[in-house]
Amino acid sequence: MASIFSRIVAGEIPSYKVAEDDKFFAFLDINPLAKGHTLVIPKREVDYFFDLTDEEIGAMQIFAKKVATAIKEAFPCVKVGQAVLGLEVPHAHIHLVPMQSEKDMLFTNPKLKLTAEEFAEIAQKINSSLPQ
Ligand code: AMP
């Protein structure tokens, strides 16, 4: 059975899409550590990040760089932090989190509760900060 993230890519499960190309997809984390917390995934379903090919990791990082640059423009922060956990969803993903300080990367922090309108607005703001 397809992962929840593959079902998001297929449009079977809704998401707040930020960016997409032929190989990768970026959408808002539904339990964000900060406004702009985004997940970047490969469309090819692989559980463990380090099982992706060298080429996939390289291309995914370049795609994530574009998204991180747009996040920083849309949500000014000290830096955008990157983390790979993958303990919950078995489909490789990179977390991109706008940071004001190191503690913003603590995944044990309470998550923000946002409305559907707020999520949609955040995704739109990041999307419109991507290079055309
Ligand atoms: P982990 O696998 O530990 O990196 O965590 C998976 C992340 O995916 C968590 O931060 C969840 O909030 C997030 N997540 C799970 N399901 C969804 C979904 N349907 N839409 C957006 N984010 C999700």
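Read the figures in this text as sums done on the coordinates, not as results from a lab. Since the model is a prediction, treat every value here as computed from it, not as a measurement. Positions of Cβ are generated from backbone atoms using ideal geometry, with glycine treated the same way; all protein chains shown enter the neighbour counts.
In whole angstrom, how far apart do the alpha carbon centroids of region 27-55 and region 1-20 sit?
Here the answer is 11 Å between Cα centres.
So for the chain, what percent of the C-alpha to C-alpha distances run longer than 22 Å?
31 percent
Is region 91-131 rounded, prolate or oblate when judged by the Cα gyration tensor, a ≥ b ≥ c being the square roots of its eigenvalues, rounded requiring a/c under 1.5 and prolate requiring a/b larger than b/c?
Verdict is prolate for region 91-131.
Hey, can you rank 105-115, 53-63 by average C-beta count inside 10 Å, highest first?
Top of the packing list down: 53-63, 105-115.
As a quick test, which of the pairs Lys79/Lys111; Lys23/Lys113; Lys23/Lys103 have an alpha carbon distance above 28 angstrom in this structure?
Lys23/Lys113; Lys23/Lys103
Sort 65-76, 34-45 for me by packing, meaning the mean count of neighbouring Cβ atoms within 10 Å per residue, highest on top.
The peptides rank, most packed first, as 34-45, 65-76.
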